[in-house]
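This report concerns only the one structure given below.
Just so it is clear, none of the values below were taken in a lab; they were calculated from the coordinates. Since the structure is predicted, the reported quantities are computational estimates derived from the model, not experimental observations. Cβ sites come from the backbone with ideal geometry, for glycine too, and all protein chains shown count toward neighbours.
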Amino acid sequence: MNEGEVTRNESAASRHAVVPPPPAGMGTSGRIDTVVETLVPYRNGYALAAYYLGIFSLIPCAGLFLGAAAVITGILGLRLARQRPEVRGKVHAWVGIVLGGLIVLLHFAVIAFGFLGPLLYGA
């Protein structure tokens, strides 16, 4: 057997070899993600924006607009995370959706009671 034949056989075997999945915590780029990369979804801007908009929607009066923006960007962030799992950010997107949605509902309730209260109770 010549050395050329061994090389040819080895290259054929390496083409058909099964590659195991990367270990847990290792990104698709082949390197291990740091703690910051795991906790902050910097590749998913929509999810990160939804998270911060949801937090800032707790500011009175601005919450109606920031909460609605948090819900919209959260949905976009979830869609991006579903299409490209390596970007992560599902939890941040859900926090933005839930918190923004609750704040929007709370603002609508306050507005409704503000207008309907005098009509119902005759102020």
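For segment 103-123, give me the residue count where each residue is assigned to a helix (DSSP H, G or I) and touching a Gly at 6+ places or on another chain (Cβ under 8 Å).
The first filter runs over segment 103-123 and keeps only residues assigned to a helix (DSSP H, G or I), leaving 103-121.
From the residues that got through so far, the ones that are touching a Gly at 6+ places or on another chain (Cβ under 8 Å) too are 103-104, 106-107.
Qualifying residue count for the region: 4.
To keep it simple, each residue is scored yes or no on (1) among the small types (Gly, Ala, Ser); (2) surrounded by 17 or more Cβ atoms within 10 Å (Cβ to Cβ).
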position	(1), (2)
PRO41	no, yes
ALA47	yes, yes
SER57	yes, yes
VAL98	no, no
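Restricting the search to segment 55-86, which residues are under 19 Å from HIS107 (Cβ atoms) and of a type in the set (Gly, Ala, Ser)?
Selection gives SER57, ALA62, GLY63, GLY67, ALA68, ALA69, ALA70, GLY74.
What is the one condition in (1) over 13 Å from the mean Cα position of the chain (by Cα); (2) crowded, with 17+ Cβ neighbours inside 10 Å; (3) among the aromatic types (Phe, Trp, Tyr) that PHE65 does not satisfy?
That leaves (2) as the condition not met.
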